[in-house]
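This report refers to the structure that appears directly beneath it.
The values are calculated or read from the model by the stated rules, or taken from the named source; none is laboratory data. From a predicted model like this one, the values you see are computed outputs, not experimental measurements. So basically every Cβ, Gly included, is an ideal-geometry build from the backbone, and we count neighbours across all protein chains shown. When the accessible area is computed, the model is the full protein with side chains, heavy atoms only, and any ligands, DNA or RNA have been set aside. Shrake-Rupley method; radii C 1.70, N 1.55, O 1.52, S 1.80 Å.
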Amino acid sequence: MTPEELLDAYEEMVLIRRTEKAAHDLFMSGLVKGTTHLAAGHEAVAVGASSAMRPDDYVFATYRGHHHALARGATPEECLAELMSRATGLCQAKGGSMHLTKATNGMLGSYAIVGAHLPMAAGAAWSAKLRGSGQVAVAFFGDGATNIGAFHEALNLAAVWSLPVLFVCENNLYMEYTPIEAVTAVPNPAADRAAGYNMPADIIDGNDVVVVHETVARAVERARKGEGPTLIEAQTYRHFGHSRADPAKYRPADEVERWMKHDPLDVARARLEALGVPPETVADRDHRAAATVDAAIAAAKNAPEPVPALAFTDVWADGGAAWRT
Amino acid sequence: MADVTKEKFTYRDAVAEGIAREMRRDPSVVCLGEDIGAAEGVFKTTVGLFKEFGPARVWDTPISEQAIVGAAMGAAMTGMRPIAEIMFSDFLACCWDYLANEIPKARYMTGGQVTVPLVVRTANGGGLGFGAQHSQAVENWAFAIPGLKIVAPSTPSDVVGLMAAAIRSDDPVVFFEHKALLAGSGTRPPEGHLIELGQASVVREGTDVTVVALASTVSLSLKAADQLAGEGISVEVIDLRCLIPLDMRTVLSSIERTSRLVVVEENPYQGGWGGTVVSVVADEGFELLDAPIKRVAGANVPLPFADSLEAEVIPTVGKVTEAIRRLSAY
Ligand SMILES: Cc1ncc(C[n+]2csc(CCOP(=O)(O)OP(=O)(O)O)c2C)c(N)n1
Ligand SMILES: [Mg+2]
């Protein structure tokens, strides 16, 4: 990454961090209903990967997917408006936190059934291959998804059909509350499975945006050349609990401390410093991101609620919901 | 020279023909499934496709129902019109997440950002003695889910016409091919034959009792109607052809004439689609009725193996005849 690219990546990560903080605060104050699964701590995975992709490549994410929507160009305002059930939300308030989608930018959805979107990503990659478009699909998923059947079916299909797809595991060590190691027969839940599908795998520092970017760039190039899928296990950590107001008491204090000291924003700042980027330049980006998110919060709060008729739109492609004559 | 008028055109031929016609006109149509390519399908419903369109458009898959339907969904969201085969409809349970949670909800929950124009074809129903895990009629499974269109044709010609509409539909369609009908034959429809989804067909006109049927139960009902004609009972038979969209207008206007209704469905009585048909009639057609409504449905048991036992639990001509007779005497 050039210093300018790294600076942009840094700003995007700050934007995500601030948006997640806003989502948390808005949830606590009752303005966000239902649930949220915040990705604070996971920023480098989304931004590093996205910055290595073409604008027309596809992304499939999980319910912990705010960072992927933002990294693919959804604005903090449309994301927060969705969380706050506003008509201006990304999905017209019909999706919510777990289903952020920005299809115009190839971000084809966030899915809340663990593992379900891996076959979809394989299918989007199959489609790209059939159309000869040169596009690549990337599925992001948690460590917990590596024990569900759809993960294994998708990896095998992608490998045997040599599809241009990347499987990027965000291994944050926990499922909801149980450590992944307590329920998995191999130490690296994603990467250790890849050999069974004859698929190359990388285990990387998911909190270093440069490492993520470079690893994904290599895998994307392989995929575009027709050399097939790659699995990437990005080690990372969530800064909040699993969802809602989970205080994450099940995580040992020393582990939390170790990971908090390895914050992806700090890692990026250190890299910027080493590249000789002046601290004021970095601070400018901090302020700009903060201002964007502050404005987004205000705008989302002022946005209208959805009209009731919206409950009956878009079941079908014709925009309606008619099921009988 | 082949005499086309005497050509035997089976329901299974119609499936392959219906798919082939669409694949010829639209390069975005592709097929995937287990043993559908070189092997031409375990039910021989994809005969000729691999030969004509090759491995770039007809893909043999691993035994991975989730990957098959999940990949079809991803491809459908990105410009293709995939046709996924699930060998036996019972196996839909192995990928039910996609039919229940993913495919029917994607458009709605994204606020209309995506469409999922795919067809999931599957061999459905009993009558072939395949036992409990390969015989159930499960169209009611799909019927329980808002967001899926459901087709279940009863004749070769309808297979072709409805297949065209299903593949061209921008909505996801579950296409039930009835196993007991595969060997039956009928007329080969002309090129361009298309039956819009959601249009029931009055396959026999009558004045005394309306029978609403689907797929395998259409021919049972027609046979029953034939028998009863000899007893002076005039039976109207409606082939729904699709469960979603459900053509209740045709059903209600038939009851306006007959004032009596029998619903014949192969899926189980508990949760069967007939319950919904009946509830609409009770709600909107109560005053049209002169008698209670009868449902002839699959029994609430798994499907047994022996033919004699299977006949006990799925609709038969005898059961349909009996229901109509009782109703017309009411
Ligand atoms: C099929 C399925 N089973 C269970 C759940 C409930 N659930 C939601 S998130 C979650 C934990 C997933 O952990 P992981 O894959 O590591 O992702 P993370 O939340 O850590 O990002 C579980 C069990 C679900 N949504 N889907
Ligand atoms: Mg996890």
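Beta bridges assigned by DSSP with both partners in chain B are antiparallel in approximately 15 percent of cases.
When the inverse distances between all different Cα atoms of segment B:9-186 are averaged and flipped, the Kirkwood radius reads 15.9 angstrom. Here is the tail figure for segment A:9-128: Cα pairs spaced more than 26 Å apart come to 14 percent of all pairs. Between A:TYR174 and A:ILE180, the built amide H atoms are under 5 Å apart, and every one of these is 5 or more places off in sequence or on another chain.
Share of antiparallel DSSP beta bridges in segment B:9-186, in percent to the nearest 5?
Working: 2 of 24 bridges.
Here the antiparallel bridges make up roughly 10 percent for segment B:9-186.
Element breakdown for segment B:81-189 at a 1.4 angstrom probe: carbon and sulfur atoms account for 55% of the accessible area.
Placing unit charges on each Cβ (+1 for Lys and Arg, -1 for Asp and Glu) gives the protein assembly as shown a dipole about its Cα centre, and among A:ALA234, A:ALA317, A:ALA22 the Cα reaching farthest toward its positive end belongs to A:ALA317. With unit charges on the beta carbon (Lys/Arg positive, Asp/Glu negative), name the residue among A:PRO252, A:ALA219, A:ALA289 whose Cα is farthest towards the positive pole of the charge dipole of segment A:194-300. In segment A:194-300, that residue is A:ALA219.
State the three equivalent ellipsoid semi-axes of the protein assembly as shown, derived from the C-alpha gyration tensor as the square roots of 5 times its eigenvalues, in descending order and whole Å.
Numbers: eigenvalues 540, 143, 86 Å².
Equivalent ellipsoid semi-axes, largest first: 52, 27, 21 Å.
If you wrap segment B:121-208 in the convex hull of its Cα atoms and look at it from every side, the mean projected area works out to 7.6 nm². Axis of helix B:274-284 versus longest Cα principal axis of chain B: the two differ by about 60°, to the nearest ten degrees. Segment B:63-125 to segment A:163-242: how many Å between their Cα centroids? Spelled out, the Cα-based centre of one part sits 26 Å from the other. Estimated at the nearest 10 Å², the accessible area of A:ASP205 is 50 Å² with a 1.4 Å probe.
Summed over both chains, the area buried between B and A is near 3800 Å², taken from the accessible surface of protein heavy atoms with a 1.4 Å probe. The value for chain B of Rg(Cα) / (2.2 N^0.38 Å) is 0.98.
With every protein chain kept in the model, how would you rank A:LYS249, A:LYS102, B:LYS8 by accessible area, 1.4 Å probe, largest at the top? If you can, show how the numbers build up before the last one.
Numbers: A:LYS249 170, A:LYS102 35, B:LYS8 135 Å².
From most accessible down to least: A:LYS249, B:LYS8, A:LYS102.
Inter-chain Cβ neighbour count for B:77-85, averaged per residue, equals 5 (cutoff 10 Å, partner chain atoms only). For segment A:73-133, the extents of the C-alpha atoms along the principal axes are 38, 25, 15 Å, listed from largest to smallest.
Full extension of the segment from B:LEU309 to B:ASP226, taken as 0.36 nm per residue of separation minus the current Cα-Cα distance, would add 27.3 nm.
Net charge dipole, segment A:3-312: roughly 880 debye, given to the nearest 20, about the Cα centre with Cβ charges of +1 for Lys and Arg and -1 for Asp and Glu. 3J(HN,Hα) couplings calculated from phi for segment A:55-60 with the Karplus curve 6.51 cos²θ - 1.76 cosθ + 1.60 (θ = phi - 60°) are, in sequence order, x, 9, 6, 9, 10, 10 Hz; Gly and Pro show x.
Ordering B:PHE286, A:PHE151, B:PHE53 by how much accessible area each has at a 1.4 Å probe, largest first, what is the list?
On the way: B:PHE286 140, A:PHE151 0, B:PHE53 35 Å².
Result of the area sort, largest leading: B:PHE286, B:PHE53, A:PHE151.
Near A:GLY96: Cβ cut-off under 9 Å, other residues only, Lys/Arg at +1 and Asp/Glu at -1. The net charge is +1.
Between A:TYR58 and A:VAL136, A:ALA137, A:VAL138, the built amide H atoms are under 5 Å apart, and every one of these is 5 or more places off in sequence or on another chain.
Using +1 at the C-beta of Lys and Arg and -1 at the C-beta of Asp and Glu, which of B:ALA164, B:GLY70, B:ALA38 has the Cα lying farthest in the positive direction of the dipole of segment B:9-186? Value: B:ALA164.
Starting from the eigenvalues of the Cα gyration tensor, five times each then square-rooted, give me the equivalent ellipsoid semi-axes of chain A, largest first, whole Å. Working shown, then result.
Working: eigenvalues 152, 138, 83 Å².
The three semi-axes for chain A are 28, 26, 20 Å.
For segment B:16-33, 3J(HN,Hα) computed residue by residue from phi via the Karplus equation (6.51, -1.76, 1.60; θ = phi - 60°) reads 4, 5, x, 5, 4, 4, 6, 5, 5, 8, 9, x, 7, 7, 9, 10, 9, x Hz, glycine and proline entered as x.
Taking the Cα centre of segment B:201-329 as origin, work out the dipole magnitude from +1 charges on Lys and Arg Cβ and -1 charges on Asp and Glu Cβ, in debye rounded to 20.
40
Applying D = kT/(6 pi eta Rh) to segment A:199-315, where Rh is the Kirkwood radius over alpha-carbon pairs, T corresponds to 20 °C and eta to 1.002 mPa s, the Stokes-Einstein value obtained is 115 µm²/s.
Taking A:TYR177, A:TYR237, A:TYR58 as the candidate residues, the one with maximal mean-square fluctuation in a Gaussian network model of chain A, Cα springs under 10 Å, is A:TYR177. Taking every alpha-carbon pair under 8 Å whose residues sit at least 6 apart, chain B reaches a relative contact order of 16 percent. Hey, can you grab everything whose amide H is under 5 Å from the amide H of B:ILE150? Only 5+ residues off in sequence or another chain; H modelled, so Pro and N-termini drop out. Residues meeting the criterion, in which the H sits 1.01 Å from N, are B:VAL174, B:LEU243, B:ILE244. At a threshold of 40 Å², the residues of segment A:303-325 that become less accessible to a 1.4 Å probe in the full protein assembly than in their chain on its own are A:ASP314, A:VAL315, A:TRP316, A:ALA317, A:TRP323, A:ARG324, A:THR325.
Would you work out the charge dipole size for chain B about its Cα centre, treating the Cβ of every Lys and Arg as +1 and the Cβ of every Asp and Glu as -1, and quote it to the nearest 20 debye? Mind dumping the intermediate values first?
Numbers: 28 positive and 41 negative charges, 64 e Å.
Using only the charged Cβ atoms, the result is roughly 300 debye.
Our helix-only sum for chain B, with -39,500 (n - 2.57) per DSSP H run of n ≥ 4 divided by its residues, gives a mean residue ellipticity at 222 nm of -10000 deg cm²/dmol.
If each Cα of segment B:201-329 is one equal point scatterer, what is log10 of I(q)/I(0) from the Debye formula at q = 0.21, 0.23 Å⁻¹? Once normalised to I(0) and log-transformed, intensities are -1.22, -1.44.
Out of the total accessible area of segment B:201-329 (probe 1.4 Å, heavy atoms of protein only), what percent is carbon and sulfur? Provide the component values of the computation, followed by the final result.
Values: 2670 of 5210 Å².
Reported share for carbon and sulfur atoms: 51 percent.
For segment B:146-155, 3J(HN,Hα) computed residue by residue from phi via the Karplus equation (6.51, -1.76, 1.60; θ = phi - 60°) reads x, x, 10, 8, 10, 10, 8, x, 10, 9 Hz, glycine and proline entered as x.
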